[in-house]
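Trainee: Below you'll find the structure I mean.
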């Protein structure tokens, strides 16, 4: 059975940016406000960590609830994992365990792509592995970690773009917020139509205000 590479619940602005400029410890998305880009998802009943029994139902909830379905590993770029640049240093980078605290939401092995590999470590049920690999080799390694299940490509936008340019992505779900324009940062596309020669694409507006773009290989 084929192991797919899937992009899920990926947020972008109207001009195609998944994050803004100037990422820092205090601002993981740079000048972008993730509470606005991801508001549609955070409001759903299926958002991980929700404990109040509430949240919205419908299309948004269905897409958020599919996040873990059939996924055995995730690939992410270093800047999704950390704000640090260059070699990991004692008391700074090497102490960093990600943005997500002691219980990361991935529930699978995670392969972090970096030019500066470091030892793997485990938090809760997530083990983070670090490797300097080209997209095709990274996908091969992630499929080994996924134990027969699909692989999720988590981002950021520049990492997703690298795998798209290498023709490795099988399906994408991208949620575009038409009310947000960033003007700079990490960009997924200038227009989703630039992928139409390689992917079928359904465009589904949501009552939450975002527009879901669902793409799969032709």
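Trainee: P(r) for the chain: what percent of alpha-carbon pairs falls in each 5 Å bin, starting at zero?
Mentor: Calculated P(r), rounded to whole percents: 1, 7, 14, 19, 21, 19, 12, 5, 1, 0.
Trainee: Over the chain, with a Gaussian network built from C-alpha contacts below 10 Å, which listed residue (89, 181, 159) shows the highest mean-square fluctuation?
Mentor: Fluctuation is largest for 89.
Trainee: On full extension of the chain, what length is gained from residue 206 through residue 115, given 0.36 nm per residue of separation minus the C-alpha to C-alpha distance? Before the final figure, lay out each step's value.
Mentor: Values: separation 91, 0.36 × 91 = 32.76 nm, distance 3.89 nm.
This chain segment gains 28.9 nm when fully extended.
Trainee: So how much slack lies between residue 196 and residue 103, counting 0.36 nm per residue of separation and subtracting their Cα-Cα distance, in nm? Each step should come with its number before you reach the end.
Mentor: Details: separation 93, 0.36 × 93 = 33.48 nm, distance 3.78 nm.
Difference between extended and current length: 29.7 nm.
Trainee: If you take every DSSP beta bridge fully contained in the chain, what fraction is antiparallel? Give it as a percent rounded to 5. Numbers along the way, then the final one.
Mentor: Details: 18 of 40 bridges.
Within the chain, antiparallel bridges account for around 45 percent of the total.
Trainee: Also, I was wondering about something else. Using 0.36 nm per residue, how much length does the chain from residue 2 to residue 166 gain when fully extended, once their Cα-Cα distance is taken away?
Mentor: So the chain would gain 57.2 nm between residue 2 and residue 166.
Trainee: Would you work out the relative contact order for the chain, in percent, from Cα pairs under 8 angstrom that are 6 or more residues apart?
Mentor: Values: 433 pairs, mean separation 68.3, N = 218.
Taking the mean separation of contacting Cα pairs over the length of the chain, I get 31 percent.
Trainee: Now a separate question. Work out the FRET efficiency for residue 217 and residue 24 from their Cβ-Cβ distance, taking R0 = 35 Å, and round it to the nearest 0.05. Each step should come with its number before you reach the end.
Mentor: Working: r = 37 Å, r/R0 = 1.05.
Once the sixth-power term is evaluated, E becomes 0.45.
Trainee: With a 10 Å radius around each residue's Cβ, average the other Cβ atoms per peptide and rank 21-30, 139-148, highest first. If you can, show how the numbers build up before the last one.
Mentor: On the way: 21-30: 15.0, 139-148: 17.3.
Answer by packing, highest mean first, reads 139-148, 21-30.
Trainee: Where the centroid of each part is defined by its Cα atoms, how far is the range 204-218 from the range 130-158 in Å?
Mentor: Computed from Cα coordinates, the inter-centre distance equals 24 Å.
No lab work stands behind these numbers, since they all come straight from the coordinates. Just so you know, these numbers come straight off a predicted model, no measurement behind them. Here the Cβ is made from the backbone with ideal geometry for all residues, glycine too, and neighbour counts use every protein chain on show.
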